[in-house]
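To keep things clear, I will list the structure first and then write my remarks on it.
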Amino acid sequence: MKIAIGGKGGSGKTTVAGTLARVLAERGQQVVALDDDSNPNLAVTLGLPNSQAASLPAIPRDWLEERPDGEGGTRLELKVPAEDFIERFGQPVRQNLTLLVMGQPDHGGSG
Amino acid sequence: MRGVLRGLVSTTSRVTVVDLEAGLEHLSRGTARHVDTLLLIAEPYFKSLEAAQRSFTLAQDLGIGRIQMVANKIRSPRDEATVREFAGRHTVTVAGMIPFDPAVVEADERGTAVMDQRPDATSVAAIRQLADQVLMSA
């Protein structure tokens, strides 16, 4: 199941995303919460302390690889299986719940 | 980073919950292809509902299978009626109604999760219902 949460800034989308991820994990689902917002603050609504949320690992570029995008350009893709990537860069939040922060524009240089 | 997102969402066997960039302009067809459910959060006033409706159309164009609205910060039966009326007029499914909840404001101010701050909060109860609904129809 792949759920995306969208909405205007201020609509409460991050609170809904974080709480929904927590509830699904409680229900026994293996959940990875992905923060794709360029102003990432999903960590806090998941319940990670601020200090920890501020020190989430950056994603180095050498885990990514440029591949043809089929439209004459290239795009960055994962070099390793998703599970390895989640193990390496995911922040364990609670049982069944891991956070990955994608949205920081300086990490990797590709928007 | 969008390549990473796409790679992860398409290949992990875990349930993924993606908190998207505000507005859907950055959502590419490649990423959207791997998302099976999009929940659009809207507040119960016209501009917010209109914005959600535009996102709804955009997401349909991107080919996302299940797109539903979740109304947030509902303060009154009138708010609820506003959302239902709008959704009915635009044939949008409302997956959940989350009440306005001071516990959320309090949690935001303290930098904590509302679930940890007040596990019995009305908003948390509504999101539990939303989770049931999402799981049931998965």
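Of note:
- Between B:ARG29, B:ARG89, B:ARG84, B:ARG75, the distinction of being more than 15 Å from the chain's Cα centre (by Cα) and under 21 Å from A:MET102 (Cα atoms) belongs to B:ARG29 only.
- Within region A:8-30, none of the residues are crowded, with 22+ Cβ neighbours inside 10 Å and either at pLDDT below 90 or in a strand (DSSP E or B) (or both).
- Some residue of region A:56-70 being part of a strand (DSSP E or B) and out of contact with any helix residue (DSSP H, G or I) (no Cβ under 9 Å at 6 or more places or on another chain): yes
- Residues of region A:31-55 that are part of a helix (DSSP H, G or I), at the interface with chain B (Cβ under 7 Å from one of its Cβ atoms) and out of contact with any Lys or Arg (no Cβ under 7 Å at 6 or more places or on another chain): A:LEU42, A:VAL44, A:THR45, A:ASN50.
- Qualifying residues in region A:1-30 (those that are more than 7 Å from chain B (Cβ to nearest Cβ) and out of contact with any Leu (no Cβ under 8 Å at 6 or more places or on another chain)) - the one nearest to B:SER13 (Cα to Cα): A:GLY28
The rows are residues; the columns are (1) assigned to a loop (DSSP other than H, G, I, E, B); (2) touching a helix residue (DSSP H, G or I) at 6+ places or on another chain (Cβ under 9 Å); (3) under 17 Å from A:ALA33 (Cα atoms); (4) in the same structural domain as B:ILE127 (by TED's automatic domain parsing).
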residue	(1), (2), (3), (4)
B:LEU24	yes, yes, no, no
B:HIS34	yes, yes, yes, no
B:LEU38	no, yes, yes, no
B:ALA59	no, yes, no, no
B:ILE64	yes, yes, no, no
B:GLU109	no, no, no, yes
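- The listed residues are B:ALA87, B:ALA131, and the only one of them that is modelled with pLDDT of 95 or more, under 30 Å from B:LEU58 (Cβ atoms), among the hydrophobic types (A, V, I, L, M, F, W, C) and not assigned by TED's automatic domain parsing to the domain that holds B:ARG66 turns out to be B:ALA131.
- B:PHE56 meets the stated requirement of being more than 8 Å from chain A (Cβ to nearest Cβ) and within 15 Å of the chain's Cα centre (by Cα).
- The residues listed here are B:GLU25, B:GLU85, B:GLU21; of these, the one that is out of contact with any Pro (no Cβ under 8 Å at 6 or more places or on another chain) and farther than 27 Å from A:LEU76 by Cβ is B:GLU85.
- Only one entry in B:VAL35, B:VAL4, B:VAL18 is at the interface with another protein chain (Cβ under 7 Å from one of its Cβ atoms), more than 17 Å from the chain's Cα centre (by Cα), crowded, with 23+ Cβ neighbours inside 10 Å and of a type in the set (Val, Ile, Thr), namely B:VAL4.
- In the set B:ARG6, B:ARG54, only one residue is in a helix (DSSP H, G or I) and closer than 25 Å to B:ARG84 by Cα; that residue is B:ARG54.
The values are calculated or read from the model by the stated rules, or taken from the named source; none is laboratory data. Given the structure is predicted, the values throughout are model-derived calculations rather than measurements. Cβ sites come from the backbone with ideal geometry, for glycine too, and all protein chains shown count toward neighbours.
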